[in-house]
Structure formats: structure tokens, C-alpha cells
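Taken together, the values in this text are just the output of simple stated rules run on the coordinates, not laboratory data. Please read all numbers here as calculations on a predicted model, not as lab measurements. All Cβ positions, glycine included, derive from the backbone under ideal geometry; neighbour counts span all protein chains shown.
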Amino acid sequence: MDKPNNKKEDADAKQDTPSDDKSTTKAKDKETKKNDDELDNAKALNEEEIRLMKAYSFGPYDDDIKDLEKGSKTLLQDIENAQGIKESDRGLAPPSQWDLTSDKHALQQEQPLLVARCTKIIEKGQSEDERQYMITIRQIAKYVVDLGENVAPTDIEEAMRVGVDRSKYRIQIPLPPKIDASVTMMTVEEKPDVTYDDVGGCKEQIEKLREVVELPLLQPGKFVALGIDPPKGVLLYGPPGTGKTLSARAVANRTDATFIRVIGSELVQRYVGEGARMVRELFQMARSRKACIIFFDEIDAIGGARVGEGAFGDNEVQRTMLEIVNQLDGFDARGNIKVLMATNRPDTLDPALVRPGRLDRKIEFGLPDLEGRSKIFKIHASKMNCDRLIRWDLLARLCPNSTGADIRSVCTEAGMFAIRERKKMVSEKHFLKAVTKVIKEYKKFSSTPTYMVYN
């Protein structure tokens, strides 16, 4: 019964809609006409009204503010003038300081040079001015040439890279040695944040390391007074996770010497002679520094003992190792360079590499004792929000035959237990659970007993 009524109401609504639209349009037209009439009747402002608007549009401090802004702009301009030319991200001066005429003249005066290598210096007489130089230009030929006008004979040495002109191939400029970018990237630019206090359980080893590395660099006069040469090479050996790499980082933090870290596998290259070339450039870069520490980590990757005739890859590894041996005590002076090597397998190293004169001191990093384990716990827990009543000696007793890496894993796992329980502080209960999980349950994955046999 209700459906016909609904249809009737819908029909009435549809009929009312056009009338509403017409009324809205009429209202808009009326309002627009009214605005147009007001614009036609508008009058321009006279001078008195303009003066009043200008007088009241400014605040009482507008003049002072304008003076301050003007003075600050003047000061900023003076500062920019005093600073001089400011370098941009692109290394270009502002366009106002460009001198295109002189730049074009300089480009016309410059001559493009070829890169060559001076292979031999030929002496013709007793005077240095009578020398001639044999150069090799890649993919062209060998030439015997003279020096340019702006080069002194003392600036050129054999095996040096030089720049020669394209017409008579005369030497115009000596060039610095070319070092591979992969070798340059091995330099640690920033000091590590690890100090001797951050290394626990290695007190005796650190003292020996400081005698060999730190003392000759910081106090060389003591060795000169006694007339002895300080040891130049150290071998750090022991099971994994006992603090060998950490101690080397602490040494780099303590001294101002350039620290170069090399992974043994980085020197294993695909092509013949590439690994040996990288070793030469590595020591060449180290000699150019005032003092340098070279740290070879995982040296057993390239320092293995030579056994018979192996495959091609083994021969290339042996070439790299022999180049390291040559650099350690070759004819070229090593300068103020200290060499550290770390390995987990000292029994696999070549005897020629570890003999005295090359690696003078061998330092064993064994498992930490009870006192050392307790100190390692305290070092890692110092950065954590822990309960003050934790018995560190008890935890150290529960971790026998554990390395520093194992104890660090225990501390991390204790923090994970606290997070699972939504606690804001790590308690002794969490550490006991972590000891059970890491030391006892993960014991089957530990390689420490195996490496203890090799060490």
C-alpha cells in the first residue's frame, strides 16, 4: 500500500527541482548587478586620505627595524668580502670573477703531455746537465730524450713516471707514482674508537704489542741511545674471537700513524702479477707517509707454506706471498713502517715469512682467564642498562673456555631476553639464561677446541 505514495513523492520532488535552480540563478544575477553599481559609484582617494593611510600604515618601530636590516646587510657584505672567494660544491668561482680571456690564453699556452716512464739515466759526462734519459711510452716505442727547460736533473729518477711533450718527447714534468684505487681505499682515514681499556683479558699481549709498535713510533730516541733497531713485524695468532683485530684497532687509536688494514683475500687476484703489484704499491704508499702501520688480517689466505707444484691459482698466491717477504726485508729501506699480521692458523704459514728479521715477535692470544672474562663482561655491560647487583665473577665462572666474542654474544642475548619480557633493565636472571643458551646450547657450533689444537 505504501509503494504508490513513494512514487508520487518522487515525482513531486522532480517537478520542484527546476524551479529551485531558476530562483538561485536570479539571486546571483541580482548580486552581480549590485556589485557593478557600487564599482561605478566608487570615488578616488584624495591627497588627505592618502596621507592618513600612509601615516597609520607604519608602526612606531618601522624606521628602526629598517635601519637594523640595512646595517646587517652591510655587515654580511663586509664578511663576504673579508672571506674572499668561497668554494662551491662544483669547485667553480662565481661568474663575476671569471676571466675568460686569460683562461683561453692559458689553455693555448699549455701543451698536452704524454705519460711515460723513465727506465734508465744515461751518463755522458761528469756534469748532470749532460745526462740523457731513456723513456718508455706505452704502445709507442722507447726514446732517448733530454730534459725540458723547467725541469732540474735532480728531480728525475729511474723508474719514475714523467710527462713528455708530443713533439720531441722531452721530459717536462715529474709525475707522482700511480697507486691503484683499491690500494688507496685500504687506508683507514678515521681513527678507530677502540682504546686499550676496551680490550679485556689481553693485558700481557697488549704490553708486548705496545713495546713493538707504539714505543718505537712515540719514543724512537730510546732505541737510538742503545744502538739497536726496534722490531718491525709482529704476528698475532690465536683462536677466533680472542681480540687480535681489536688490539690492532686499539694500537691505531693510540698512535698518530697512518693505519692501513688489508684482508688477506683482497690480495688474491685473478690475473697474473696483480696481487704482487698491489703489495708493492701498498708499501710504496706506506713509505710516503711519516709513520705507518700495515695490518694484514687473515694472513694465512696468502701466506701458506709452499708445498710442491700446485695449480695455477696456488702459484699466484705464492707470488703474492714472496712479494710480501721481499718488501719486509728487501733492498729498499722500509722506513718507519710497522707490520702486523693476524692469523688463526700459525702452523700453515710459510717459514720464510715468520722468521726473525721479518716478523720479530710472535704474540699468542689465548683464551681469557677468570679475571679476564669478568673484565670483558664489565666492558660490554658498561654500555647496557644493567642491574647493579649482578655478580660478574659468577657469570665468568659459568663461561669456562670462552672467548671474548662468546661473552659479547652472551651480553647481547641477555638484552634480548630483557626485551622479550618488556623490562627496562637487564638483570642477573637474563644473563644466566643467556649463558645457558650461548655457552651450553651453542657449544656444538664452537670451533675454539679445534683451533686450540693448531695454536
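By the scheme Lys and Arg +1, Asp and Glu -1, what is the net charge of all other residues having a beta-carbon under 14 Å from that of Lys70?
Working: positive: Lys66, Lys73; negative: Asp62, Asp63, Asp64, Asp67, Glu69, Asp78.
Here the count lands on -4.
How many nm separate the modelled label positions at Thr436 and Glu204, each set 7 Å beyond the Cα in the direction of the Cβ?
Taking the simple label geometry, Thr436 and Glu204 are separated by 3.6 nm.
For the range 393-406, what does the Karplus curve 6.51 cos²θ - 1.76 cosθ + 1.60, with θ = phi - 60°, yield as ³J(HN,Hα) per residue in whole Hz, taken in order and with x for Gly and Pro?
Per residue, the Karplus-derived 3J(HN,Hα) values read 5, 5, 5, 5, 5, 7, 10, x, 6, 10, 8, x, 5, 5 Hz.
Set the bar at 21 Å for Cα to Cα. Now go through Lys208/Lys383; Lys222/Lys244; Lys290/Lys338; Lys178/Lys338 and name every pair that lies beyond it. Please report the intermediate quantities before stating the final value.
On the way: Lys208/Lys383 28 Å; Lys222/Lys244 27 Å; Lys290/Lys338 12 Å; Lys178/Lys338 23 Å.
Result: Lys208/Lys383; Lys222/Lys244; Lys178/Lys338 exceed 21 Å.
Search the structure for amide H atoms under 5 Å from the amide H of Ile173, placed 1.01 Å from N in the peptide plane, and list their residues when 5 or more places away or on another chain.
Gly163
Please list, in chain and number order, the residues 5+ apart from Lys120 or on another chain whose amide H is under 5 Å from its amide H, with Hs placed from the backbone.
Placed amide hydrogens put Met134, Ala159 under 5 Å from Lys120.
In whole Hz and in residue order, list the ³J(HN,Hα) couplings for the range 122-136 that follow from phi through the Karplus curve 6.51 cos²θ - 1.76 cosθ + 1.60, θ = phi - 60°; x for Gly and Pro.
9, 8, 9, x, 7, 7, 6, 5, 8, 6, 10, 10, 8, 10, 10
Between Ile263 and residues 5 or more places away or on another chain, which pairs have amide H atoms under 5 Å apart, with H built 1.01 Å from N, and which residues are they?
Under 5 Å from the amide H of Ile263 lie the amide H atoms of Asp297, each far enough along the sequence or on another chain.
Through the Karplus equation 6.51 cos²θ - 1.76 cosθ + 1.60, θ set to phi - 60°, convert the phi angles of the range 376-383 into ³J(HN,Hα) values in whole Hz; use x for Gly and Pro.
5, 4, 5, 5, 6, 6, 5, 8
Working out 0.36 nm times the residue gap between Met134 and Lys378, then minus their Cα-Cα distance, what length gain in nm do you get to one decimal? Numbers along the way, then the final one.
On the way: separation 244, 0.36 × 244 = 87.84 nm, distance 6.51 nm.
Result: 81.3 nm gained on full extension.
Suppose the chain between Asp40 and Leu394 were pulled fully straight at 0.36 nm per residue; how much longer would it get relative to their current alpha carbon spacing?
On the way: separation 354, 0.36 × 354 = 127.44 nm, distance 9.79 nm.
Computed gain between Asp40 and Leu394 is 117.6 nm.
Just to be sure I understand the model, the point goes 7 Å from the Cα along the line to the Cβ. What's the resulting Lys124 to Ile419 distance in nm?
About 7.6 nm, to one decimal.
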